[in-house]
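Data first, discussion second: the structure below is written as structure tokens.
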Amino acid sequence: MLKLDDCTIANGDFLLRADFQIMSGASVAIIGPSGAGKSTLLETIAGFRDLSNGQISWNGQTLTPLSPGERPLAMLFQDGNLFPHLDAAQNVALGLRPNGRLSDADRQQVEAALCRVGLPEMGARKPAELSGGQQSRVALARILVQKRDILLLDEPFAALGPALKAEMLDLVADLVAETRTTLLMVSHDPRDAHRITGQTVLVADQIAHPPAATAQLFENPPPALRDYLG
Amino acid sequence: MAGRAQPVTPWPGIGAASLVAALILGTLATVALRAETGGGFNPADWAALRFTLVQATLSALFSAALAVPVARALARRRFPGRRALIALLGAPFILPIIVAILGLLQVFGRAGWISDLLGTVGLPPIQIYGLHGVVLAHVFFNLPLATRLILQGWQEIPAERFRLAAQLGCGGMAMFRLIELPMLRRILPGVLAVVFAICLTSFAVALTLGGGPRATTIELAIYQAFTYDFNLGRAALLSAVQLALTTFAALAALKFSRGDGFGAGLNRAIRRWDGGTPVLDTLWILAATAFLLLPLASVVISGVLGVFEMPILVFQAALTSILVAVASTAILLLLALPMATAIATGRTGIVELSGILGLAASPLVIGTGLFVLIRPLANPTDLALPVTALVNAVMALPFALRILVPAARDTVDRHGRLALSLNMNNHTFFTRILLPRLRPQIGFAAGLTAALSMGDLGVIALFADARIATLPLQIYRLMGAYQMQAAAGGALLLLILSMGAFWILDRGGRWHAEA
């Protein structure tokens, strides 16, 4: 269970409060107007920003003192998810061994992950030689070998076309179901929330509201969500 | 962002910056302690100060004034070879000074081409030694720099402005007043300040074309106090004056100038509708090209003839120069890479400051200080080459940082979070991410340093005795002995080595580099 206990995130004039919990294995969308702090919330959970108040914990263990790499979570950013000078296999391998020294077992694991995301035999290609969708698949293969408990997505597929984006979200849904990973996903598109997540956190008016069942939330939207949906 | 986790530690960079600051400030303090309190300035020192200021002012004015029409012509004309010409304008930065001087002597000197031409119509030959020779050489080096800076200003004017002015029916003069004059008013102070600052520390030009009581710069006076009189107190006093001057000029140059002279995007010719006079523009471009290329062509031609007259000493000196350049480049990278990393992670304070210190520091002041420091411990002459390599690296440091820092900052910003989330350690981020991503910039910075160091004629003249010489010093000695053929051969060799070193390192950096 991911618990945000009376959390306050402050950055200059910007303020965001969050006090809720998310069950292990849940898939949660985070939606809200732009500038409301969806990405900020994710970055704080990931450890890139400090809390000015409160605690974040995972299954009873507090995450607050841990650096981003020590937290039991993996994250995909809006861009820059691959190192352009490393090939696909090397990029995936970073999820296993950040220093790049691989055993034979590691290599097999990398190849298996690339196969699972539909890119067999593509390990030697550099990101520039891959399409946008293929680059996303490489990043997901790395997430697979990282084997972290929580996956945070900060709109990594925003630059892809609608069909490709839907395909990627379906792949993500399959992967988190197979690995029982807890998923938190920022989106500005309500259809994404419907597509793969059961619950939705609404971020608006300086508050990250507790998760609510996606279907009910959209059927009977609170005022802040109604304003956003228009 | 304060307190934000960074993928790489700034401490090695802070350490390197402290070393650089200690070297520059320590040698300065050493020199200052030596300066005689009661000695004061003698008339020769006043003359040196006056000459330094006069030649730097004139060089700045002529370079900027001539650069305006050349840049204007380049901005509004398209012609085959335009790219090559603009690239050529960057070359004097890494051109060994002694090579250019030899070329200028062959064209403008007493026995040069122009004097020969004048002779055929019964006119006396030109006198190149003295103030006008020094200014001529400085204009040769700084006209291209000034042209690039001003051209950059021209390119930054949005094309829509020219379109609007053309629509309003503005002719050449009106367009100049409306659009171009405001740009020049913004750009020119910086150009003047940069050229002035560069010419203040002029040593090799003054050494070869100046000299004598009426054409001595302070930098040259330090050298003379050192080598002719061995008057360390006087050298120290002059060093203190020089440092005050360069600090002031460097601050002024930094305040007025923006961006650097290497800027991108100079290859675009702006579409213009004011027509203008192609004849005049063409003349300016041809004149500037001839001014830059004739001396170099002259060195190449006479050098080919002189190759067979070179004494074995020249080849020994060339080998020495290559070793110094390699050592200097290695020292530079050991200092600049950690410093650029530290600045990229937001540790700007001391690290940026010691990077800038190098702009104000004068190589001969550092050299004098090191000489005083080394003398009780060892024979300074024995350490001439390591000291030269070290000082050359420190001199190249500000330029290297300008090249490396933006790319390092970009890499840390773009890939830092990912590296952190992968729990990548500092060392791995530096070697596996930062270094490969910076390879093109590292190659460029290393190429500049190697070329600058290869062609440097500064500290080596202070430390070397007759037994050792770098190639530029050897060429200078051959010129002093009137062995002009051999000197030309050596100059050609030096030109090839400098440009070759730059080309190999710059190319090596960009080889198979991903965007």
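The values are calculated or read from the model by the stated rules, or taken from the named source; none is laboratory data. Quick caveat: nothing in here was measured; it's all calculated off a predicted structure. As a convention, Cβ positions derive from the backbone with ideal geometry for all residues, glycine included, and neighbour counts pool all protein chains shown. Note: areas computed on protein heavy atoms with side chains; ligands, DNA, RNA excluded. Shrake-Rupley method; radii C 1.70, N 1.55, O 1.52, S 1.80 Å.
Considering only residues of region A:206-224 that are touching a residue at least 24 places away in the same chain (Cβ under 8 Å) and not small (Gly, Ala, Ser), which is least open to solvent (accessible area, probe 1.4 Å)?
Filtering first and then ranking leaves A:Thr214.
Show the residue pairs that are 6+ apart or on different chains and have beta-carbon atoms under 6 Å apart, the first residue being within region B:172-190 and closer than 12 Å to B:Trp154 by Cα, the second being open to solvent by 60 Å² or more (accessible area, probe 1.4 Å).
That search, which allows pairs on different chains as well, returns B:Ile179/B:Arg161.
Could you list, in sequence order, the residues of region B:117-154 that are among the aromatic types (Phe, Trp, Tyr), in a helix (DSSP H, G or I) and in contact with a Lys or Arg (Cβ under 9 Å, 6 or more places away or on another chain)? First the steps, then the outcome.
Within region B:117-154, the first condition is being among the aromatic types (Phe, Trp, Tyr), and the residues that meet it are B:129, B:140-141, B:154.
Now narrow it down to the ones that are in a helix (DSSP H, G or I): B:140-141, B:154.
Answer for region B:117-154, where residues must be among the aromatic types (Phe, Trp, Tyr), in a helix (DSSP H, G or I) and in contact with a Lys or Arg (Cβ under 9 Å, 6 or more places away or on another chain): just B:Trp154.
Can you report the number of residues in region A:47-61 which are open to solvent by 50 Å² or more (accessible area, probe 1.4 Å) and either within 20 Å of A:Leu96 (Cα to Cα) or small (Gly, Ala, Ser) (or both)?
Looking only at that region, the number is 2.
Within region B:85-104, can one find any residue that is touching a Lys or Arg at 6+ places or on another chain (Cβ under 8 Å), surrounded by fewer than 19 Cβ atoms within 10 Å (Cβ to Cβ) and either among the aliphatic types (A, V, I, L, M) or modelled with pLDDT of 90 or more (or both)? Quick ask: steps written out before the conclusion?
As a first pass, look at region B:85-104 and keep what is touching a Lys or Arg at 6+ places or on another chain (Cβ under 8 Å): B:86, B:89-90.
With surrounded by fewer than 19 Cβ atoms within 10 Å (Cβ to Cβ) added as a condition, the list becomes B:86, B:90.
Imposing the further condition that a residue be either among the aliphatic types (A, V, I, L, M) or modelled with pLDDT of 90 or more (or both) reduces the set to B:86.
Yes, some residue in region B:85-104 is touching a Lys or Arg at 6+ places or on another chain (Cβ under 8 Å), surrounded by fewer than 19 Cβ atoms within 10 Å (Cβ to Cβ) and either among the aliphatic types (A, V, I, L, M) or modelled with pLDDT of 90 or more (or both).
Would you point out the residue of region B:432-455, among those that are open to solvent by 10 Å² or more (accessible area, probe 1.4 Å) and within 9 Å of chain A (Cβ to nearest Cβ), that is farthest from A:Gly100 (Cα to Cα)?
The residue in question is B:Arg439.
Is it true that some residue in region A:148-159 is in contact (Cβ under 8 Å) with a residue 60 or more places away in the chain, surrounded by fewer than 16 Cβ atoms within 10 Å (Cβ to Cβ) and out of contact with any His (no Cβ under 9 Å at 6 or more places or on another chain)? Full working, then the answer.
The initial filter retains those residues of region A:148-159 that are in contact (Cβ under 8 Å) with a residue 60 or more places away in the chain, namely A:148-156, A:158-159.
Those still in the list that are surrounded by fewer than 16 Cβ atoms within 10 Å (Cβ to Cβ) too: A:158-159.
Checking which are out of contact with any His (no Cβ under 9 Å at 6 or more places or on another chain) leaves us with A:159.
Scanning region A:148-159 turns up at least one residue that is in contact (Cβ under 8 Å) with a residue 60 or more places away in the chain, surrounded by fewer than 16 Cβ atoms within 10 Å (Cβ to Cβ) and out of contact with any His (no Cβ under 9 Å at 6 or more places or on another chain).
Scanning for something outside any helix (DSSP H, G or I), within 13 Å of chain B (Cβ to nearest Cβ) and of a type outside the set (Lys, Arg), does region A:104-121 turn up at least one residue?
no
Tell me, which residue of region A:31-42 that is under 12 Å from the mean Cα position of the chain (by Cα) and buried (at least 21 other Cβ atoms within 10 Å of the Cβ) is nearest to A:Leu202 (Cα to Cα)?
Result: A:Lys38.
Of all residues in region B:161-212, which are among the β-branched types (Val, Ile, Thr) and open to solvent by 60 Å² or more (accessible area, probe 1.4 Å)?
Within region B:161-212, the subset among the β-branched types (Val, Ile, Thr) is B:179, B:187, B:191, B:194-195, B:198, B:201, B:205, B:208.
Across region B:161-212, the qualifying residue is only B:Ile198.
Among (1) touching a residue at least 12 places away in the same chain (Cβ under 8 Å); (2) more than 30 Å from B:Val134 (Cβ to Cβ); (3) surrounded by fewer than 18 Cβ atoms within 10 Å (Cβ to Cβ); (4) not polar (S, T, N, Q), there is one condition B:Val54 misses while meeting the rest; what is its number?
Only one criterion is unmet by B:Val54, namely (2).
B:Ala361 - would you say it is crowded, with 24+ Cβ neighbours inside 10 Å and out of contact with any Cys (no Cβ under 8 Å at 6 or more places or on another chain)? So that I can check it myself, show each step before the final result.
Values: crowded, with 24+ Cβ neighbours inside 10 Å: yes; out of contact with any Cys (no Cβ under 8 Å at 6 or more places or on another chain): yes.
The answer is yes for B:Ala361.
I need the full set of residues from region B:377-386 which are open to solvent by 10 Å² or more (accessible area, probe 1.4 Å), part of a helix (DSSP H, G or I) and among the aliphatic types (A, V, I, L, M), in order please. Write out each step before concluding.
Of region B:377-386, the ones open to solvent by 10 Å² or more (accessible area, probe 1.4 Å) are B:377-379, B:381-383, B:385-386.
Subset that is part of a helix (DSSP H, G or I): B:381-383, B:385-386.
Selection gives B:Leu383, B:Leu385.
Among the numbered criteria (1) without any contact (Cβ under 8 Å) to a residue 60 or more places away in the chain; (2) touching a Lys or Arg at 6+ places or on another chain (Cβ under 9 Å); (3) within 11 Å of chain B (Cβ to nearest Cβ); (4) over 21 Å from A:Met1 (Cα atoms), which one does A:Ala88 miss?
If we test A:Ala88 against (1) without any contact (Cβ under 8 Å) to a residue 60 or more places away in the chain; (2) touching a Lys or Arg at 6+ places or on another chain (Cβ under 9 Å); (3) within 11 Å of chain B (Cβ to nearest Cβ); (4) over 21 Å from A:Met1 (Cα atoms), just (3) comes out false.
Go through region A:195-217 and give me each residue that's at pLDDT below 85 and either out of contact with any strand residue (DSSP E or B) (no Cβ under 7 Å at 6 or more places or on another chain) or more than 16 Å from A:Val176 (Cβ to Cβ) (or both).
Selection gives A:Arg195 alone.
Matching residues to (1) in a helix (DSSP H, G or I); (2) open to solvent by 10 Å² or more (accessible area, probe 1.4 Å):
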site	(1), (2)
B:Arg402	yes, yes
B:Gly416	yes, no
B:Leu420	yes, yes
B:Met424	no, yes
B:Met499	yes, yes
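Residues are listed down the side, and each one gets a yes or a no for (1) modelled with pLDDT under 90; (2) buried (at least 19 other Cβ atoms within 10 Å of the Cβ):
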residue	(1), (2)
B:Arg347	yes, yes
B:Val351	yes, yes
B:Arg375	yes, no
B:Leu397	no, yes
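Taking the condition assigned to a helix (DSSP H, G or I) and either of a type in the set (A, V, I, L, M, F, W, C) or within 14 Å of another protein chain (Cβ to nearest Cβ) (or both), does B:Asp410 pass? Reasoning before the result, please.
Numbers: assigned to a helix (DSSP H, G or I): yes; either of a type in the set (A, V, I, L, M, F, W, C) or within 14 Å of another protein chain (Cβ to nearest Cβ) (or both): yes.
Criteria met by B:Asp410.
Please count how many residues of region A:62-72 are more than 14 Å from the chain's Cα centre (by Cα) and either open to solvent by less than 10 Å² (accessible area, probe 1.4 Å) or facing another protein chain (nearest Cβ under 7 Å) (or both). Give the derivation first.
Applying the first criterion (more than 14 Å from the chain's Cα centre (by Cα)) to region A:62-72 yields A:62-67, A:69-70.
So of that shortlist, the ones also either open to solvent by less than 10 Å² (accessible area, probe 1.4 Å) or facing another protein chain (nearest Cβ under 7 Å) (or both) come out as A:63, A:67, A:69-70.
Total satisfying the criteria: 4.
Every residue, every condition in (1) at pLDDT 90 or above; (2) part of a helix (DSSP H, G or I); (3) within 11 Å of chain B (Cβ to nearest Cβ), yes or no:
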{"residue": "A:Ala18", "(1), (2), (3)": "yes, no, no"}
{"residue": "A:Gln21", "(1), (2), (3)": "yes, no, no"}
{"residue": "A:Ala29", "(1), (2), (3)": "yes, no, no"}
{"residue": "A:Pro33", "(1), (2), (3)": "no, no, no"}
{"residue": "A:Leu41", "(1), (2), (3)": "yes, yes, no"}
{"residue": "A:Ile45", "(1), (2), (3)": "yes, yes, no"}
{"residue": "A:Ser57", "(1), (2), (3)": "yes, no, no"}
{"residue": "A:Ala74", "(1), (2), (3)": "yes, no, yes"}
{"residue": "A:Asp79", "(1), (2), (3)": "no, no, yes"}
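Looking only at region B:1-45, count how many residues are at pLDDT 90 or above, over 14 Å from B:Leu373 (Cα atoms) and open to solvent by 40 Å² or more (accessible area, probe 1.4 Å).
3
Of the numbered conditions (1) crowded, with 23+ Cβ neighbours inside 10 Å; (2) part of a loop (DSSP other than H, G, I, E, B); (3) among the aliphatic types (A, V, I, L, M), A:Leu96 fails exactly one; give the number of that condition.
Exception for A:Leu96: condition (1).
Just a yes or no: is a residue in region B:457-476 more than 14 Å from every other protein chain (Cβ to nearest Cβ), without any contact (Cβ under 8 Å) to a residue 60 or more places away in the chain and assigned to a helix (DSSP H, G or I)?
No, every residue in region B:457-476 fails to be more than 14 Å from every other protein chain (Cβ to nearest Cβ), without any contact (Cβ under 8 Å) to a residue 60 or more places away in the chain and assigned to a helix (DSSP H, G or I).
Out of (1) more than 14 Å from chain B (Cβ to nearest Cβ); (2) open to solvent by less than 20 Å² (accessible area, probe 1.4 Å), the odd one out for A:Leu130 is which?
Of (1) more than 14 Å from chain B (Cβ to nearest Cβ); (2) open to solvent by less than 20 Å² (accessible area, probe 1.4 Å), only one is false for A:Leu130: (1).
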